[in-house]
Amino acid sequence: MNIVCLDLEGVLVPEIWIAFAEATGIPELKRTTRDEPDYDKLMNYRLDILREHGLGLKEIQDTIATIDPLPGAKAFLDELRSLTQVIIISDTFTQFAKPLMEKLGMPTIFCNTLEVAENGEITGFRMRCEQSKLTTVKALQSIGYDTIASGDSHNDLGMILNSKAGFLFKSTDAIKAEYPQLPAFEEYDELLEAIKKNLD
């Protein structure tokens, strides 16, 4: 029994923090998991910048409301979900993901949660579990699923490398060069065909 595990940002929707960096004119917020493998370090860096500029959850949610899925993402996901079970496994947060899930047809997503003060300041974050993507695919495997995984960043490599089949999608040249054994795709139809070949 197969289950496909997909990353969210950079794969199905634009990078939220990059969009927010552009909306606010704060280039430091463009740093993502493509650049920084240590997610705790990255998030604490982001929260420091938000505090410094007096920005909170509302401002980020206002930007997210303007974000649409990447062209072709919903059609890809709809077709994939007609063939097999799909879970989006993301290091984003429930407070960010909901409007994007609505635009994608409400697929299942496993993600994290933000700690938010009454005044809207983001004071911290709670990860669902350690190494959430790798831990999740291993848990799915432990209950009888074969996982097929795809993502674009450092934090996706655990689930990609530990799945029955794994693919890079819209990744960086540096990651592709570091993991030449992983098939790398840029178009949804290529990724869909590769996944189909690995479905039992």
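The values are calculated or read from the model by the stated rules, or taken from the named source; none is laboratory data. The model shown is predicted, which means the values in this text are computed figures rather than measured ones. Virtual Cβ from ideal backbone geometry, glycine too; neighbours counted across all protein chains shown. Ligands, DNA and RNA are stripped out before the accessible areas are found, and what is left, the full protein with its side chains, is counted by its heavy atoms. Shrake-Rupley method; radii C 1.70, N 1.55, O 1.52, S 1.80 Å.
Overview of results
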item: One residue from Asp146, Asp78, Asp68 being acidic (Asp, Glu) and within 16 Å of the chain's Cα centre (by Cα); result: Asp68
item: Residue in the stretch 81-99 that is open to solvent by 80 Å² or more (accessible area, probe 1.4 Å), in a helix (DSSP H, G or I) and aliphatic (A, V, I, L, M) present; result: yes
item: Any hit, the stretch 30-38, residues being more than 17 Å from the chain's Cα centre (by Cα), more than 16 Å from Val116 (Cβ to Cβ), open to solvent by 60 Å² or more (accessible area, probe 1.4 Å) and in contact (Cβ under 8 Å) with a residue 12 or more places away in the chain; result: no
item: Residue identified as open to solvent by less than 40 Å² (accessible area, probe 1.4 Å) and in a helix (DSSP H, G or I) among Leu114, Leu134; result: Leu134
item: Index of the failed condition, Ile49 passing every other in (1) open to solvent by 10 Å² or more (accessible area, probe 1.4 Å); (2) not in a helix (DSSP H, G or I); result: (2)
